Structure formats: C-alpha cells, structure tokens
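Here is the structure we will look at, set down as structure tokens.
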Amino acid sequence: MAHGPAKGIGRWLFTTNHKDIGTLYLWFSFAMFLLGGTFAMVIRAELFQPGMQLIKPEFFNQMTTMHGLVMVFGAIMPAFVGLANWLIPMMIGAPDMALPRMNNLSFWILPFGFSLLASTLFMEGGGPNFGWTFYAPLSTTYAPSTVNYFIFGMHIIGASSIMGSINIIATVLNMRAPGMTLMKMPMFVWTWLITAFLLIAVMPVLAGAVTMMLMDINFGTSFFDAAGGGDPVLFQHVFWFFGHPEVYIIVLPAFGVISHIIPTFSRKPLFGYSSMVYATASIAFLSFIVWAHHMFLVGMPIGGELYFMYATMLIAVPTAAKVFNWISTMFRGSISYETPMLFAIAFVVLFTIGGFTGLMLAIAAADVQYHDSYFVVAHFHYVMVAGAVFSGTAAVYYWLPKWCGRMYNETMGKVQFWISFIGFNITFFPQHFLGLAGMPRRYADYALQFSDWNMISSIGAFIYGASQLLFIFNVIRTIRSGTPVSEPKTWEGAEGLEWTVATPAPYHTFATPPEVK
Amino acid sequence: MSRRASMLFALVFAPAISLAFMSKAVAEEAQRWAVNMPKGATPVSNAIYDIHMIIFWICVVIGVGVFAVMFYSMFAHRKSKGAVAANFHENTTAEIVWTVIPALLLIVMAVPATTALLDVYDTTEAEMDIKITGYQWKWQYEYLGEDVAFVSELTTPEEEIYNTAPKSQYYLQEVSQALVLPAKTKVRFLITGKDVIHSWWVVDLGVKKDAIPGVVNEAWAYIEEPGIYRGECAELCGKGHAFMPIVVNVLEKEEYNAWLAKKKEEVAAERDLAKKTFTLDELMAQGEAAYNRSCAACHAGNGEGIPGVFPALKGSAMATTTGDYAAHLDIVVNGKAGTAMQAFGGQLSEVDIAAIITYERNAWGNSTGDLVQPLDVLKFKQGQ
C-alpha cells in the first residue's frame, strides 16, 4: 500500500517521489531565476546612463556571464525538468519516474554545481567574465584564476542534465499506460522525449569542450591556443555544436506546454497533432546541422557560409507550421482568457517576432551588421524569455491548482501578465534599434547616441523584474491560502490523464495503470 | 478649432515644427532615436541594407497576415461572446499549403541573400592592403608595403568615464590615431588578433570581421565619400571590450598621399630619436604618459594591478632590483607566453618602451634609480 511523504527535512533530502523532486526542481529554478534576474538588474542599472556609475567593467563582464549561465543552466533548464518530473508520470499514467534514485541524485548535485559557480564571485580574481559562450582563449589563457571552479561546475550541471534525460527517456519508453501508443502521447511528453535525446547527444560535447579548456589551462595542452598549434575557432565549433541544440532543448518543452494550454482555453483539440510531432522532430534534427550560423564572421569559406545559411533558413518551415497549428487551434474555438492563456498567446506573438529576427540573422550577409550587436541580444531574449520564461510561467499558473489543490488569484495573475508583457517589450524591443544603429553586445559603457534607448530599456527591465515579485507572491499566497479546489478537472477544456486524478494530486498516482482508449 | 484641439495640435506639432528649423538638431535627434541600420558609405553596406530591408518587409507581411488571423479569432471566437467550439483538428491540404509556401518564400529570399554574401566575400582586385591587429584593448594598423604602422587607442579620459568630467561629443568614439584611408579606392583589410578574439566593426562601412589569434581574415571596403566613420570592437575581449573604438578618417586620394608621405617622415624621425640619450626626468614624464596609455588598463594607474587577475608592479621583484632590468625588458618587449601580458616590442617605439620601463622602476615607491635608454632597448631587440 502506498505511504505518504516522510516527515521533516529528510522528505526532501532522500525523496524518490517524482512530485517532490519536481517541486525541488521548480523552487530551485525559481531561486536561480531571481538570482540571474538580480544580475540582469545590475547590468541594466549600470547601462541606465553612459559612463560607469555603479560597477567596474571587469565586474560588469562577470555579471553578463553569470546572468547567462544562471538563466540558461540554473533557471530555464531545471524549470522544465521540474515540470517533466511533476507531469510526465501523471500524463502517461505511470506511478513514478523509471529511475527514482537517480532522479534524486540528478537534482541534488545541482545546488553543488551552482554553489561552485557562484562562489567564484567572492574569490580573488572574481567570477567567470568571458561570457556564457566562454570563447577561448579569453576563457583559457586569459581567464581569471577561478575558471577551474566554473569548469567543474559545468561538469556537474551537465551530469545532472544527462541523468535527468536518461530518466525521462526510460520513463516515457517503458512506463506508458496500456493503450497509450507513441502517437497518443500528450505533446509535452513528446517534446520532452525529443529534448532528452538532444540533451544526451550534446551535453557530453559541452563536457568535452570544458575538459579541453581544463587541459589547456592546467596541463599545457594547446587545443585552443594558436601559439601551440591549436585553434580558437575549434572551440567555437565544439561549443556551438552543443550550443545550438541547447537553444532547442530550452524551447521544445516550452512548445509542449503551449500545445496543452492553447487547446484547453480554446476548448478545442490541438490542431495537427501529428504534424506537431513531426515538426518537433525536424526542428531537433535541423538543430544539429546549423551550429556555425553563430560563427558567420570567423572567416569560414563561402561554401560553408552558404550551407549554414540555407540550412538555418530551413528551420523556419517546421517552426512556422507550429505557429500555424496553434493559431488554427484557436480558430473557431471558444476562447477564454485566464492567466495561463494570456501568457500562452503572448508566447505565440513574441516567439514569432523572435523567429522573424532569427530568420533575419540567418541571412549571412546581413549578419555582418547584426552579429554580436544588441540586435542579437533582443532576438534571443524574445526567444528565451518570451519562449521559455513566459511558457514556464503559463505552466505554473495552469497546473498549480492540480499540484496544490488551491486556485491562484486570477486578478493578480492578469495584472502580473500585463506588467510582464509591457515591461518585457519596453526592455527588449528598443534593443533591436540599438543593435541596428551599431551598439555591440556585452558593452559595459557606450557612446552617447545610444543613451536614450538604453535608458528606456533599463526602465522596462525594472518593470519586468518587479512583475516577477508579484508572481512569487501570487504563487506563495496560493499555496498557503488560495481558494481550495477539488474538481479533478480545474479547467473546463482540459484534456489528459493528469486531469483525471484527484485534486490536489495525491502523493502517489496511478498505482494501477489507467486504460487509454 | 476648439481650445482643447488646438492645445493638442500645439503639443504634438510644435516640437516637430521647431525642430524642423534646426536641421543640425534634427540630424542629432534622428541619430539618438535611430531605429534602423544605416545605409552606410560603401557598396557592400548598401547591399547589406537592401537585403536587410527585403527580409524585414517579408517578415512584416507574414507577421501581419498571421497575427491578423490570430487576433480575429481572439476577438470573434470568444467564449464570453457565446462562441461554440468547432471540433476540427486536422486539414492535410492546409498543412501542406503552409509548409510549401514558407519553403517557396525561403527560396525567394535565398537568391538576393546569396548575391549579397558573394559581394561581401569578394576581396579580389584590392588596390591596397591594411593589416589590422586586435590587442587587449587597442587596434594596430599596418599599411602593408609602405612601412607605416601605428597603434590606435581610446583617448577618452578616465574622468569622463567615471563621471567626474562632462562627456564630450565623441565619448568612447575618439582615438589617438585614426586609420586614414583614401576615398574611391578598394581597400582590403587583413584582420588578425594577438591575444584574444576581437572583432573589427564599422557599421557605416558594412565591415565586421573577427580578429582571431593565428588566423588572418579578409574584408574589404570601397568608400565613396571622404569623412570620419566610427566603429567598435564587437567580440567580448575582456574588461576593455567597450573601450577600444575604431575611427576611420577617409581623405581624397591626393590628401591621403600627402598624409602618407608625412607619416613616413615621422616614422624616420622616431627612429632617429631612439639613438638620443634622455635624462631621468624626460623618461619619467614620457613614461607616465605611455604607461597610462598602454599598461594602466591591466596594471592600474597606481601599479597595483587587479589581485588574482593582473599582477602588481608596485613592489614586484622584477621592477625593484636595482641594476637588473634584463627580465623586465624581456617581458615588456616579448610578453609572457600563456598569460595576458602581450609583446609590446612591435607595438611601441623604443623611446616609449625605455620610458615605460624607467617609469615602472621609479614610480609608486619603486626606487631602483635605473635609467633605461632607448638605445638599450634597440640593442636588446637587435640582439635577440
């Protein structure tokens, strides 16, 4: 017979329960989101006016680096692993994840990885200051002495991701309820299955890159040192062979979330389910063969440039199909606008804008001007923040009632949405202008003609940052004192096995598998 | 017109009208609030601008179409308006259509995109070559075949950066020596880096190319109009990344030739200067200036460096042992492999190197009393 959770701190340290581990991942990622957000606030405060007011350029570089690393590896990725832990077993009718002890381990090494990384900020030499892309030789020969902590931290974080992915693949392939064929799986499960394969393929590549750095720094090798016969460009090829799929690792589960929320609030099944699956798989495949579009200016031969340009443009096809499918799902639906739906619609709009600028960036000739400018910063924040953060926020509002049996405050949710949406656009839309006018990214200080848009961008950032406090307030308030809900189905239009179990979801669900017709 | 309407009119149009009378102000205002890429001054920058605008408008048209359908259903198919959900969830024809149409559009885009890229890459038939080397945090320009080379560094004073003095018009966009180029000449740039990766970007020239150690990249420009064009380093290269601007001064061909002749004379004069014997005071004065230009970015103005990143010179053994400056000379001229310490032998004149070493050995409480002459530096360089 199933038992309840253990008492005290032991429940969290030793838990093998997918819901507990999901909760741990979500709280951890939210803490990292606030930390990375704090770094972003420091950056935007410094850039509020030309001149160095608050910090020194060397610390500014640590802030941009840590902001990127913490957001990508600490906030966004663990957030979707948390959602996967909570939802995948419930969505496929499984009692838990396939490898529960490894599940515990893959979470509990994360805080150590990030402690190593963040502790460097307090050491002599300071934290990593070479950008989240850590291009050699800035990150090897010219790195601060703390770089070994960064390397070890990345190893731990990568190991955690690999274990998490193995677990997800094992769970999805082995533990589906009878009758749930692959082509009946919910989209979130599909997107995560594909993402997990991407992770297993590329995290070892990242581990290889940082290990080669480790050798160059400490053991006299010259993988990336031209003076010793190595090649700094090799680093970029290896990094982006990881880095480009990484972008899709972040955004594919977000696609999955949106493919649940839009049908629910349109009260209409997802349009083009099978084409969604195929589109996701094609995007994942293409993500492996386009990496050098991040390197159009390293001096590739023109044949290479043309190939990477054409291949990159191709990604627009499956991505556009997804957007068309979401819109067709809404078309002739019966739409209502609860907070998760607002975030999901904003996701579609803003992600599409990010997709357009992505297509522009794919044009190698135009990339001469866009590359490493604020245009790129604007582009990837439209994809990452509007893509991953908006969909993550939508997911929390959407499934929170199921998780804790209490309803969030709808008005507060909508207010948070509008503040986020407006703040986000004030922050990042003007960055397109700055980049086109010639402002490079990762600049601690800038020429006077960039002053006005920078100030506006900073104001937007403070608004967007403040809206996250409202989010955490709403979530905590819901957990402590939200209106209790007990209907299995919180939302009228919701479909899927997770909405057939009791609300709040019991500690153990599907001890006996459900029948899927 | 009602009073309110006329007030509104005044509010909206008065600034516009008054601005229109001050064309300079208008131009500055336009630059401050720029929202688009400049067309620039070269055929390549124009080609890039054109392809940028083509893709932009294609995206706008698609975006308007897609969002129109979306906002229509968001408005018309609201539950609060009593919309009842249909139950369709597939339409193979539609799905094929919206796969094929974007694919065709991409092919349409790919044609001008390819032409523009071929243009960017066409460095053939250049009339002159400039070698550009990126250093932490300055650029070196070499006029290949002309025996003229110089380093170009930021001249904006610390006081402006740290807000104790008002910022001048070209804040962070002014350098010690601009790259001087002739107009209406196809110039090929050979771009490389000495320490970390930099990227040489002048938006108006439509040139951005990474400066990578061990790699020589090519780019080119044919500039129609004489004038001053300003650019920046575009690849994160350490703490001085935002502080190594580019200024290109384009002259008419005759003026350029005159400039080049004068520059060659200066180079010869500088070589003669290396044979002169200087006093301690002369070297200390010149050394302080040169140190602040070339060394202070890492080792700090007070010689204390940055703990854990850049070593202190104040009180360091290398700079405080009287009479024994061989190691000091060696590290300044040749740099130190595997560290951020660059080789200054090829960047600075013998006089500057001698002055810097003398300064470092006699400033901030370092008191060796050593006097290093330019001739010593020259001999050291020739002896190795």
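Can you go through B:ALA103, B:ALA116, B:ALA110, B:ALA85 and tell me which one is within 24 Å of the chain's Cα centre (by Cα), closer than 30 Å to B:VAL66 by Cα, small (Gly, Ala, Ser) and at the interface with chain A (Cβ under 8 Å from one of its Cβ atoms)? If you could, list the steps in order and put the result at the bottom.
Details: B:ALA103 fails: within 24 Å of the chain's Cα centre (by Cα); B:ALA110 fails: within 24 Å of the chain's Cα centre (by Cα); B:ALA85 fails: within 24 Å of the chain's Cα centre (by Cα).
Just one listed residue meets the conditions, B:ALA116.
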Which of the residues that make up the stretch B:264-310 are buried (at least 18 other Cβ atoms within 10 Å of the Cβ) and farther than 21 Å from B:VAL377 by Cα? B:ALA297, B:CYS298, B:HIS299, B:GLY303, B:ILE306, B:VAL309, B:PHE310
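Residues that are touching a residue at least 40 places away in the same chain (Cβ under 8 Å), at least 3 per element: which strands (runs of 3 or more DSSP E) completely within the stretch B:207-277 meet that? Reasoning before the result, please.
Working: elements: B:207-211, B:217-222, B:227-233, B:246-251.
In the stretch B:207-277, the matching strands (runs of 3 or more DSSP E) lie at B:217-222, B:227-233, B:246-251.
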Return yes or no: is A:ALA364 buried (at least 24 other Cβ atoms within 10 Å of the Cβ), in contact with an Asp or Glu (Cβ under 7 Å, 6 or more places away or on another chain) and small (Gly, Ala, Ser)? yes
What residue, among those in the stretch B:25-67 that are outside any helix (DSSP H, G or I) and more than 15 Å from B:ASP204 (Cβ to Cβ), is modelled with the highest pLDDT? B:VAL35
Tell me which of these B:THR42 doesn't satisfy, since it passes every other one: (1) surrounded by fewer than 17 Cβ atoms within 10 Å (Cβ to Cβ); (2) more than 9 Å from every other protein chain (Cβ to nearest Cβ); (3) β-branched (Val, Ile, Thr). (1)
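Working carefully through the options A:MET63, A:MET32, find the one that is part of a helix (DSSP H, G or I), modelled with pLDDT of 95 or more and touching a Gly at 6+ places or on another chain (Cβ under 6 Å). Quick ask: steps written out before the conclusion?
Numbers: A:MET63 fails: touching a Gly at 6+ places or on another chain (Cβ under 6 Å).
Among A:MET63, A:MET32, only A:MET32 is part of a helix (DSSP H, G or I), modelled with pLDDT of 95 or more and touching a Gly at 6+ places or on another chain (Cβ under 6 Å).
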Considering only the stretch B:146-167, state which residues are of a type in the set (Phe, Trp, Tyr) and within 17 Å of B:SER349 (Cα to Cα). B:PHE150
Looking only at the stretch A:298-313, filter to residues that are assigned to a helix (DSSP H, G or I) and more than 7 Å from every other protein chain (Cβ to nearest Cβ); which one of those is nearest to B:GLY134 (Cα to Cα)? A:GLY304
From B:TYR170, B:TYR143, residue being of a type in the set (Ser, Thr, Tyr) and under 26 Å from B:GLY346 (Cβ atoms): B:TYR143
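Here is a list: A:LEU116, A:LEU173, A:LEU199, A:LEU138. Which entry is within 14 Å of chain B (Cβ to nearest Cβ) and either touching a strand residue (DSSP E or B) at 6+ places or on another chain (Cβ under 7 Å) or of a type outside the set (Phe, Trp, Tyr) (or both)?
Values: A:LEU116 fails: within 14 Å of chain B (Cβ to nearest Cβ); A:LEU173 fails: within 14 Å of chain B (Cβ to nearest Cβ); A:LEU199 fails: within 14 Å of chain B (Cβ to nearest Cβ).
It is A:LEU138.
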Residue among B:GLN140, B:GLN177 that is closer than 15 Å to B:PHE243 by Cα, in a loop (DSSP other than H, G, I, E, B) and in contact with a strand residue (DSSP E or B) (Cβ under 6 Å, 6 or more places away or on another chain): B:GLN177
In the stretch B:68-79, which residue that is facing another protein chain (nearest Cβ under 7 Å) and assigned to a helix (DSSP H, G or I) is surrounded by the fewest Cβ atoms within 10 Å (Cβ to Cβ)? B:VAL69
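Being within 29 Å of A:TYR310 (Cβ to Cβ), in a loop (DSSP other than H, G, I, E, B), touching a residue at least 60 places away in the same chain (Cβ under 8 Å) and within 14 Å of another protein chain (Cβ to nearest Cβ) narrows it down to one of A:PHE239, A:PHE224, A:PHE288, so name that one.
Values: A:PHE239 fails: in a loop (DSSP other than H, G, I, E, B); A:PHE288 fails: within 14 Å of another protein chain (Cβ to nearest Cβ).
Going through A:PHE239, A:PHE224, A:PHE288 in turn, just one is within 29 Å of A:TYR310 (Cβ to Cβ), in a loop (DSSP other than H, G, I, E, B), touching a residue at least 60 places away in the same chain (Cβ under 8 Å) and within 14 Å of another protein chain (Cβ to nearest Cβ): A:PHE224.
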Looking at (1) at pLDDT 95 or above; (2) of a type outside the set (Ser, Thr, Tyr); (3) not in a loop (DSSP other than H, G, I, E, B), find the lone condition where A:VAL247 falls short. (1)
Return a yes/no flag: does the stretch A:98-105 have any residue that is assigned to a loop (DSSP other than H, G, I, E, B), more than 26 Å from A:PHE224 (Cα to Cα) and out of contact with any Pro (no Cβ under 7 Å at 6 or more places or on another chain). yes
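Quick one: in the stretch A:477-517, of everything that is of a type in the set (D, E, K, R) and more than 30 Å from A:LEU182 (Cα to Cα), which residue is surrounded by the most Cβ atoms within 10 Å (Cβ to Cβ)?
First pass over the stretch A:477-517, keeping only residues of a type in the set (D, E, K, R): A:477, A:480, A:487, A:489, A:492, A:495, A:498, A:515, A:517.
Then keep just the ones that are more than 30 Å from A:LEU182 (Cα to Cα); that gives A:477, A:480.
On the way: A:ARG477: 14, A:ARG480: 9.
The selected residue is A:ARG477.
Given the residues A:ASN474, A:ASN454, which is the only one that is closer than 29 Å to A:PRO57 by Cα and surrounded by 19 or more Cβ atoms within 10 Å (Cβ to Cβ)?
Details: A:ASN474 fails: closer than 29 Å to A:PRO57 by Cα.
Residue meeting the stated conditions: A:ASN454.
With the structure loaded, tell me whether B:GLN169 is more than 10 Å from every other protein chain (Cβ to nearest Cβ), part of a loop (DSSP other than H, G, I, E, B) and free of Cβ contacts under 8 Å to residues at least 40 places away in the same chain or whether it fails that test.
no
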Contacts under 6 angstrom Cβ, first residue in the stretch A:253-271 being closer than 16 Å to A:GLY392 by Cα, partner of a type in the set (S, T, N, Q) and in a helix (DSSP H, G or I), 6 or more apart: A:PRO253/A:THR191; A:PRO253/A:THR195; A:ALA254/A:SER391; A:PHE255/A:THR191; A:GLY256/A:THR191; A:VAL257/A:SER391; A:ILE258/A:SER391; A:ILE262/A:THR329
Turns out the helices (runs of 4 or more DSSP H) fully within the stretch A:359-457 with at least 2 residues that are among the hydroxyl-bearing types (Ser, Thr, Tyr) and more than 7 Å from chain B (Cβ to nearest Cβ) are A:374-384, A:390-404, A:410-437
Scan of the stretch B:347-384 for residues that are assigned to a helix (DSSP H, G or I), over 31 Å from the mean Cα position of the chain (by Cα) and of a type in the set (D, E, K, R), ordered by number: B:ARG361, B:ASP376, B:LYS379
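Specify the residue that is nearest to the other protein chains (Cβ to nearest Cβ); the eligible residues are those in the stretch B:119-132 that are of a type outside the set (D, E, K, R) and in a strand (DSSP E or B).
Start the filter on the stretch B:119-132 by keeping residues that are of a type outside the set (D, E, K, R), which leaves B:120-121, B:123-124, B:126, B:128, B:130, B:132.
From what's left, in a strand (DSSP E or B): B:128, B:130, B:132.
On the way: B:MET128: 20, B:ILE130: 16, B:ILE132: 13 Å.
The residue in question is B:ILE132.
The values are calculated or read from the model by the stated rules, or taken from the named source; none is laboratory data. On a predicted model such as this, the values are computed, not experimentally measured, just so you know. Cβ: placed from backbone, ideal geometry, glycine included. Neighbour counts: every protein chain shown.
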